[in-house]
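Structure, as structure tokens:
The values are calculated or read from the model by the stated rules, or taken from the named source; none is laboratory data. Here the structure is a predicted model, which is why all the values come from computation and not from measurement. Methodologically, a virtual Cβ is constructed for each residue, glycine included, from the backbone with ideal geometry; neighbour enumeration extends over all protein chains shown. In case anyone asks, the SASA skips ligands and DNA or RNA and just uses the protein heavy atoms, side chains included. Shrake-Rupley method; radii C 1.70, N 1.55, O 1.52, S 1.80 Å.
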Amino acid sequence: MENLNKRIAGRLKVFDDSFAKKILEKQFEAQPTLKEKYGEKQIHHYIEDTKFHLSYLAEAIINNESALFNEYLAWAKTFFENLPVTDDEIIMNLELLRDEIASNLPEEMYNVTNKYINEGIEYYKTKSPVLPSFIKDENPQKEIAEKYLNFLIEGDKVSAHQLIMNAVQNGIPIKNLYLNVFQVSQQETGRLWQMSKISVAHEHFITAATQLIMAQLYPYMFTSVNKDKRIIVSCIQGELHEIGARMVADIFEMEGWNSYYFGANTPIRSVIDSINKYNPQVLAISTTMTFNLSSVSDMIEKVRSEIASKDLKILVGGYPFIISEKLWQNIGADGFAPNAISAVKLAEELITPEV
């Protein structure tokens, strides 16, 4: 089954723009009014969205985890809610995608793709497009998180910075600010963008401002205790979401580790060379986008084959691993942590010799 799924994913990944255009033409035939309202921009987005469907479907199949595709479709439902796209149009796109894939694959393969897509369509139908806020009532720093994000949405990073510095001076631990303000405000920023409440420019500004404010906290975070433990924290090649990985590296530093942080889009070769140079006990790999899972798996496989030390532990983190609790095992990691605090705890456990 594993080899079959890999072969299917390989076939899905070679379908190109012409494949998506065939699906669009069939949807125009079935829904003539759609053609009347589609210009070049809409056609471009349709083709890109269809290719995203294929990417997420391929990763779900290769990892034998339907939740990866289902949750992507749930995300899409929220995203399209405030755009001039109907559920009927999206569902027809998925049905046409299913049938066009089937016409290009042998029966043993399209039986699998049909199953995933049919399940995804039914899951899509059940989901609400409304997402609850990530800044929850039980968050002990809820008020700070809300004020912080509102300042940044308004473009006022000076006030956002002062708010955080006041919190530090009032004795709130920096780790709490990382988890209860920075992390949740980044998640809430993503939710607001997904619901078309803020623009991409807003999202980028908020992320850049948060990275700058985090950097201002560095003089306060370094501990005098050095545990002589080393970790490399890296995003995979192709992964552009880096702030989560940076938070992980910083919190390890606060806990007395020497952390070596590599940002977005780091080539596998660079990571392997750095492992040989710094000899860490732990490598932490982050990805937010599900379609980068194959790259995570490739990195783990190459690190395992090229690094002489068998004691190196590999942790993974990011949205896909939250969706699928066993995914970290499927791709060959030693563990998964949903946030930076739990990552430190897990890393300490993994490298502590059994008595």
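The residues on offer are Lys115, Lys175, Lys147, Lys125, and the sole one that is assigned to a helix (DSSP H, G or I), of a type in the set (Lys, Arg), in contact with a helix residue (DSSP H, G or I) (Cβ under 9 Å, 6 or more places away or on another chain) and modelled with pLDDT under 95 is Lys175.
Cβ-Cβ distances below 8 Å connect the following pairs, each with a first residue in the range 1-26 that is farther than 16 Å from Ala58 by Cβ and open to solvent by 100 Å² or more (accessible area, probe 1.4 Å), a second residue that is in a helix (DSSP H, G or I) and at pLDDT 95 or above, and a separation of six or more residues or different chains: Lys21/Ile47; Lys22/Glu100.
Within the range 153-185, take every residue that is within 18 Å of Phe134 (Cβ to Cβ) and among the hydroxyl-bearing types (Ser, Thr, Tyr) and give me the one that is nearest to the chain's Cα centre (by Cα). In this case the residue turns out to be Ser185. Screening Glu119 with (1) surrounded by 15 or more Cβ atoms within 10 Å (Cβ to Cβ); (2) more than 27 Å from Gln186 (Cβ to Cβ); (3) touching a Lys or Arg at 6+ places or on another chain (Cβ under 9 Å) gives one miss only, at (3).
Meeting the requirement of 2 or more residues that are modelled with pLDDT of 90 or more, aromatic (Phe, Trp, Tyr) and closer than 30 Å to Glu71 by Cα, the helices (runs of 4 or more DSSP H) wholly within the range 302-355 are 319-323. The set of residues from the range 254-301 being over 17 Å from Leu327 (Cα atoms) and part of a loop (DSSP other than H, G, I, E, B) comprises Glu255, Gly256, Trp257, Gly263, Ala264, Asn265, Thr266, Pro267, Asn279, Pro280, Gln281.
Within the range 74-110, count every residue that is of a type in the set (Asp, Glu) and open to solvent by less than 50 Å² (accessible area, probe 1.4 Å).
To start, the set of residues in the range 74-110 that are of a type in the set (Asp, Glu) comprises 81, 87-89, 95, 99-100, 107-108.
Okay, now just the ones that are also open to solvent by less than 50 Å² (accessible area, probe 1.4 Å), so 89, 100.
Residues in the range 74-110 being of a type in the set (Asp, Glu) and open to solvent by less than 50 Å² (accessible area, probe 1.4 Å): 2 in total.
Within the range 208-236, count every residue that is buried (at least 19 other Cβ atoms within 10 Å of the Cβ) and among the polar types (S, T, N, Q). Before you say what the answer is, go through the steps one by one.
Narrowing the range 208-236 to residues buried (at least 19 other Cβ atoms within 10 Å of the Cβ): 209-210, 213-214, 231-236.
Filter once more, so that each one left must be among the polar types (S, T, N, Q): 210, 234.
Count: 2.
Do you know which residues across the range 72-93 are without any contact (Cβ under 8 Å) to a residue 60 or more places away in the chain and of a type in the set (A, V, I, L, M)? Working first, answer last.
Step one: of the range 72-93, the residues without any contact (Cβ under 8 Å) to a residue 60 or more places away in the chain are 73-74, 76-77, 80, 84-88, 90-91.
Across the range 72-93, the qualifying residues are Leu73, Ala74, Ala76, Val85, Ile90, Ile91.
Scanning the range 272-291 for residues that are surrounded by fewer than 23 Cβ atoms within 10 Å (Cβ to Cβ) and either of a type in the set (Val, Ile, Thr) or over 29 Å from Thr352 (Cβ atoms) (or both) gives Ile272, Ile275, Thr288, Met289, Phe291. Scanning the range 47-73 for residues that are modelled with pLDDT of 95 or more, open to solvent by less than 20 Å² (accessible area, probe 1.4 Å) and over 12 Å from Lys13 (Cβ atoms) yields Ile47, Thr50, His53, Ala60, Leu68, Phe69, Asn70, Leu73. Selection over the range 1-15 of residues that are assigned to a helix (DSSP H, G or I), among the basic types (Lys, Arg) and within 23 Å of the chain's Cα centre (by Cα) gives a count of 1.
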